[in-house]
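Worksheet for the structure shown next.
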Amino acid sequence: MEYAIGIDLGGTNLRLARVDREGRISSRRQVKTAQFHSSPELIDGISREARALIREAEHAGDRVLGAGIGVPGGVNPEGEIVYFLTNFPSGRDIPMRRLLEEKIGCRTRMGNDANIWAYGEGWLGAGRGRKNLVLITLGTGVGGGIIIDGKIHAGHSGIAGEVGHITIEPEGSPCGCGGRGCLETIAAAGGFIRLAQEQLDRGKPSLLSRSEEFKPLSALNVFRAAQKGDQVASEVLNRVGRALGIGISIVINVLNPEIIILGGGVAEARELFTPSMVEEIKLRAFSQKGKETQVVPPLLGEDAGILGAARLIFQIDE
Ligand SMILES: [Zn+2]
């Protein structure tokens, strides 16, 4: 059999597996990323784990075609250089693809994690059989990946898909990027907390301040309070939905994707924010065609990263 090694470097876990051409996953490995304190340690650690998988495959008489990896951070469009890694003390402008390839000892391809997730979902998940899609992840931040004509669209310098930094409120809250009122300041976990706190500071009555059951203030507790019909929490979900609808309409109007895949931990609250999100999309997306764009949940869960990374290797020969 022929395999690729799919590698998903996350803020908490480094996950690797063997993947065959049909996308079947075997021989998973997982280690904590907190043990790596510098980029050389990180590269050594990734290579060690990948080599262990390759040895195991070769021992069984199988062939490994290469290793693909998705990394959290800025990657140049050629997939050679990591400008920076989010949540890692890793330095800047690391030629990570080449360093990994030398240490792993087989051909290696690299991309930004959200792009790779989109590529995985496009291969075997919610975007299967579709050539144009955008994946948006809602978590501690808001990320995105774009697939056009079946290929990752990384843009001129690799920053395409930064949906989280679409301006929703020009005079809104400061964002980590240096801007103001970005989608991420509203629709990421921190946005839920900030919007709820603003209401509570105005003295609005809410389960979030009244009941110990809903403390501490967190995105999860805002969802739970909204499910109980709490007005402050419901208003937060409503605003998140509107902000997402505005951001997604811009994505639809610029790229005209076949579907939008909306994932990440915060998207678990989709039933609560979807009505206001869809209302904004119907209002703002261009033409009947744009308004009909479906927003769907992902299907692959955490495996999207491993599968998308492995596909980087299989597509070399396609
Ligand atoms: Zn921003």
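A short reminder: the numbers here are calculations on the coordinates, not readings from a lab. Model, not experiment: these values are computed from the prediction. Glycine gets a Cβ as well: all are built from the backbone with ideal geometry, and neighbour counts include every protein chain shown.
Taking neighbour Cβ counts within 10 Å as the exposure measure, how do Met1, Met277 sort from fewest upward?
The order, fewest Cβ neighbours first, is Met1, Met277.
What list do you get for His37, His165 if you sort them by fewest beta carbons within 10 Å?
With the sparsest Cβ surroundings first, the list reads His37, His165.
Mind ordering 49-62, 13-26, 136-149 by average Cβ neighbours within 10 Å, highest first?
Taking the mean over residues of other Cβ atoms within 10 Å, the ranking is 136-149, 13-26, 49-62.
Mind listing the long-range amide H neighbours of Gly263? Cut-off is under 5 Å, sequence gap 5 or more, other chains count too, H placed in the peptide plane at 1.01 Å from N.
Ile136, Thr137, Leu138
What does the extension gain come out to for Glu271 and Gln315, with contour length at 0.36 nm per residue minus their alpha carbon separation?
Taking Glu271 through Gln315 to full extension adds about 12.2 nm, to one decimal.
May I ask you to compute the full-extension gain from Lys131 to His59, defined as 0.36 nm times their residue separation minus their alpha-carbon distance, rounded to one decimal in nm?
22.2 nm
Of all beta bridges DSSP finds with both residues in region 131-296, what is the antiparallel percent, to the nearest 5? It would help to have the intermediate numbers written out before the result.
Details: 10 of 18 bridges.
So the antiparallel bridges amount to about 55 percent of the total.
Using the alpha carbons of region 92-215, what is the convex hull volume per residue in cubic angstrom, as a whole number?
Value for region 92-215: 189 Å³ per residue.
How far is it, in nm, from the label point at Leu200 to the one at Ala52 when both lie 7 Å from their Cα along the line to the Cβ?
Placing both labels 7 Å along Cα→Cβ, they lie 4.2 nm apart.
Identify all aspartates and glutamates with a Cα-Cα distance to Lys282 below 19 Å; exclude those on the same chain that are fewer than 8 residues away in sequence.
List returned: Glu258, Glu271, Glu292.
Of the beta bridges DSSP finds with both residues in the chain, what % are antiparallel, to the nearest 5?
Antiparallel bridges make up about 60 percent of those DSSP assigns within the chain.
Might you report the magnitude of the Cβ-based charge dipole of the chain about its Cα centre, with Lys and Arg at +1 and Asp and Glu at -1, to the nearest 20 debye?
240
Just want the ordering: Cys177, Cys106, Cys182, from fewest to most Cβ atoms lying within 10 Å of their own Cβ.
The fewest-first ordering by Cβ neighbours comes to Cys177, Cys106, Cys182.
For region 34-96, state what percent of all Cα-Cα pairs lands in each successive 10 Å bin, counting from 0 Å until the bin that includes the largest distance.
Per 10 Å bin, starting at 0, the Cα pair percentages come out as 20, 45, 26, 10.
Using +1 at the C-beta of Lys and Arg and -1 at the C-beta of Asp and Glu, which of Gln227, Gly139, Gly155 has the Cα lying farthest in the positive direction of the dipole of region 78-233?
Ranked along the dipole, the leading option is Gln227.
Cα-based Rg (one decimal) and Dmax (whole number) for the chain, in Å?
Using the Cα atoms of the chain, the pair Rg, Dmax is 20.5, 68 Å.
Show me the three semi-axes of the equivalent ellipsoid for region 131-296, from the C-alpha gyration tensor (sqrt of 5 times each eigenvalue), largest first, rounded to whole Å. Mind showing how you got there, number by number?
Details: eigenvalues 169, 54, 37 Å².
That gives 29, 16, 14 Å for the three semi-axes.
Would you mind calculating the gained length between Val31 and Gln231 on full extension (0.36 nm times residue separation, minus the Cα-Cα distance), in nm to one decimal?
Taking Val31 through Gln231 to full extension adds about 67.8 nm, to one decimal.
Between the DSSP loop rule and a limit of at most 13 other Cβ atoms within 10 Å, which trypsin sites (Lys or Arg not before Pro) in region 105-209 are left?
Counting only loop positions with at most 13 other Cβ atoms within 10 Å, the trypsin sites (Lys or Arg not before Pro) in region 105-209 are Arg128, Lys131, Arg202.
Short version: ³J(HN,Hα) in whole Hz for each residue of region 113-126, in order, from phi by Karplus 6.51 cos²θ - 1.76 cosθ + 1.60 (θ = phi - 60°), x for Gly and Pro, what are they?
4, 5, 4, 5, 4, 4, 5, x, 5, x, 7, 10, x, 5
Take every DSSP beta bridge whose two residues both sit in region 100-209, then give the antiparallel share in percent to the nearest 5.
100
May I ask which of Lys103/Lys151; Lys204/Lys228; Lys32/Lys103 have a Cα-Cα span longer than 23 Å here?
Correct reply: Lys103/Lys151.
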